[in-house]
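The values are calculated or read from the model by the stated rules, or taken from the named source; none is laboratory data. Keep in mind the model is a prediction, meaning the values are calculated, not measured. Methodologically, a virtual Cβ is constructed for each residue, glycine included, from the backbone with ideal geometry; neighbour enumeration extends over all protein chains shown. Each accessible area value is taken on the protein alone, full model and side chains, heavy atoms only, with ligands, DNA and RNA left out. Shrake-Rupley method; radii C 1.70, N 1.55, O 1.52, S 1.80 Å.
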Amino acid sequence: MTVVLKAETINEVIIGNVDLKLEEFIAIARFGAKVEFSDEYCKRVLKARSLVEKWTKEGRVMYGITTGFGALCNKTISEEETAKLQKNIVLSHATSVGEPLSIEEVRG
């Protein structure tokens, strides 16, 4: 119960500087704590994006970016289709069956 009591008092969690603590995860999922990303974390994401864009232009083979998924991993995706593939994978995973997840599950 101590973890939950501390989690209730956390209003904001900055992600990216250190490992996320259990109390912070609970604060986000269960108590709606605001989430922000550190500047360093944002820089790492932008660097990764730049590399993916560069390698896509170079025609490098990257699973799920310039190739299909699973059994289609040998199918090459054109540079023009890569953005559409990424959008479609998000859309396909946004569809499910069964009861909707709770707010706590989604935030977690």
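Counting only alpha carbon atoms, the long axis of helix 79-93 and the longest principal axis of the chain meet at about 40°. If you take the charge dipole of the chain about its Cα centre, with +1 on Lys and Arg Cβ and -1 on Asp and Glu Cβ, which of Leu101, Thr56, Ile26 is farthest toward its positive end? The listed residue farthest towards the positive side: Thr56. Other residues lying with their Cβ under 14 Å from the Cβ of Lys87 contribute a combined charge of -1, Lys and Arg counting +1, Asp and Glu -1. Exposed loop sites here mean chymotrypsin sites (Phe, Trp or Tyr not before Pro) with a DSSP loop assignment and at most 16 other beta-carbon atoms within 10 Å; the chain contains its longest site-free run at 1-62. A simple count of charges around Asn17, restricted to other residues whose Cβ falls under 10 Å of its Cβ and scoring Lys, Arg +1 and Asp, Glu -1, yields -3. In the chain, the longest principal axis of the Cα atoms and the axis of helix 22-31 are about 90 degrees apart. At most 13 other Cβ atoms within 10 Å and a DSSP loop assignment: could you name the GluC sites (Glu not before Pro) in segment 13-108 that fit? Of the GluC sites (Glu not before Pro), the ones in loops of segment 13-108 whose Cβ has at most 13 other Cβ atoms within 10 Å are Glu58.
The charge dipole of the chain, taken about its Cα centre with unit charges on the Cβ of Lys, Arg, Asp and Glu (plus for the first two, minus for the last two), comes to roughly 400 debye. Here r is the Cβ-Cβ distance between Thr95 and Trp55 and R0 is 35 Å; the resulting FRET efficiency, rounded to 0.05, is 0.75.
In a DSSP loop and with at most 13 other Cβ atoms within 10 Å, there are no trypsin sites (Lys or Arg not before Pro) in segment 22-57.
From helices alone, the chain scores -16000 deg cm²/dmol at 222 nm; the rule is -39500 (n - 2.57) for each run of n ≥ 4 DSSP H residues, then divide by the residue total. Sorted from longest to shortest, the spans of the Cα atoms of the chain along the three principal axes equal 51, 38, 18 Å. Split the accessible area of the chain by element, probe 1.4 Å, and carbon with sulfur accounts for 59%. Among Leu51, Leu91, Leu22, the residue with the largest mean-square fluctuation in a Gaussian network model of the chain, with springs joining Cα atoms closer than 10 Å, is Leu91.
For Lys75, the lysines whose Cα comes closer than 28 Å to its Cα, not counting residues fewer than 8 places off in the same chain, are Lys47, Lys54, Lys57, Lys84, Lys87. Evaluate the Debye formula for segment 39-93 with equal point scatterers sitting on the alpha carbons, no solvent, and hand back log10 of I(q)/I(0) at q = 0.19, 0.26, 0.28 Å⁻¹, in q order, two decimals. Once normalised to I(0) and log-transformed, intensities are -0.70, -1.03, -1.10.
Residues in segment 39-93 average 81 Å² of solvent-accessible surface per residue, probe 1.4 Å, ligands and nucleic acids excluded. Each other residue within a Cβ distance under 14 Å of Ser78 adds +1 if Lys or Arg and -1 if Asp or Glu, for a net charge of 0. Considering only Ala94, Ala27, Ala83, the Gaussian network model of the chain with Cα springs below 10 Å gives its largest mean-square fluctuation to Ala94.
Once backbone amide H atoms are built at 1.01 Å from N, Ile15 has Glu36, Phe37, Ser38 as its partners under 5 Å, excluding neighbours fewer than 5 places away on the same chain.
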